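Down below is the structure, laid out as structure tokens.
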Amino acid sequence: MKLSSRFLLDSLFVVAAAFLTVASMAWSAGPAGWTAFGVSTGVTVLAAVSAAAASKTSLRLGHGLIGLVALWSLVAAVAFSGTALTWLVFADAIAVGVLALADLAVHEATTERIVHSLEVRDSAKDGRIAA
């Protein structure tokens, strides 16, 4: 079984978003802002590289949107301070998490994955071993 890079990146984006969501409310605005800057930079770079290297339109669109939201979070972490920064980091982290989960759902619901699952189950009923 091969692990898809799309699945791996989307899972990483969800974990990063969950971390930033908690950090934005647990820490003061200064440390939360700089943490958001660092994490958002990483998410932006990974999403942009993935979107640029993708051959599928759905992957380009999904990771492109995640990259744009992370880029906005990066800019907001530098441009705002205080309570506004806290709530922007919180909202941007939730947005990245929701987009990453949506991209995971799209990935798992693609026609080829559904057809492949049905083909494997049908051949198992016939007594043949699926390769």
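The values are calculated or read from the model by the stated rules, or taken from the named source; none is laboratory data. Treat the numbers as computed from the prediction; the structure is a model and nothing was measured. Here the Cβ positions follow ideal geometry from the backbone for every residue, glycine too, while neighbour counts run over all protein chains shown. Please note that ligands, DNA and RNA were not included when accessible areas were found on the heavy atoms of the full protein model with its side chains. Shrake-Rupley method; radii C 1.70, N 1.55, O 1.52, S 1.80 Å.
Couple of notes before you dig in:
Conditions (1) at pLDDT 95 or above; (2) open to solvent by 30 Å² or more (accessible area, probe 1.4 Å); (3) assigned to a helix (DSSP H, G or I), marked per residue:
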residue	(1), (2), (3)
GLY62	no, no, yes
PHE90	yes, yes, yes
HIS107	no, no, yes
GLU112	no, yes, yes
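- ALA52 vs. criteria in a helix (DSSP H, G or I) and buried (at least 17 other Cβ atoms within 10 Å of the Cβ): no
- Selection over the range 60-79 of residues that are free of Cβ contacts under 8 Å to residues at least 24 places away in the same chain, under 14 Å from TRP34 (Cβ atoms) and not aliphatic (A, V, I, L, M) gives a count of 0.
- Take the conditions (1) charged (D, E, K, R); (2) surrounded by fewer than 22 Cβ atoms within 10 Å (Cβ to Cβ); (3) in contact (Cβ under 8 Å) with a residue 60 or more places away in the chain; LYS2 misses just one of them, which is (3).
- Summed over the range 14-49, residues that are surrounded by 16 or more Cβ atoms within 10 Å (Cβ to Cβ), touching a residue at least 60 places away in the same chain (Cβ under 8 Å) and aliphatic (A, V, I, L, M) total 5.
- Check on THR83, buried (at least 17 other Cβ atoms within 10 Å of the Cβ), modelled with pLDDT of 90 or more and polar (S, T, N, Q): no
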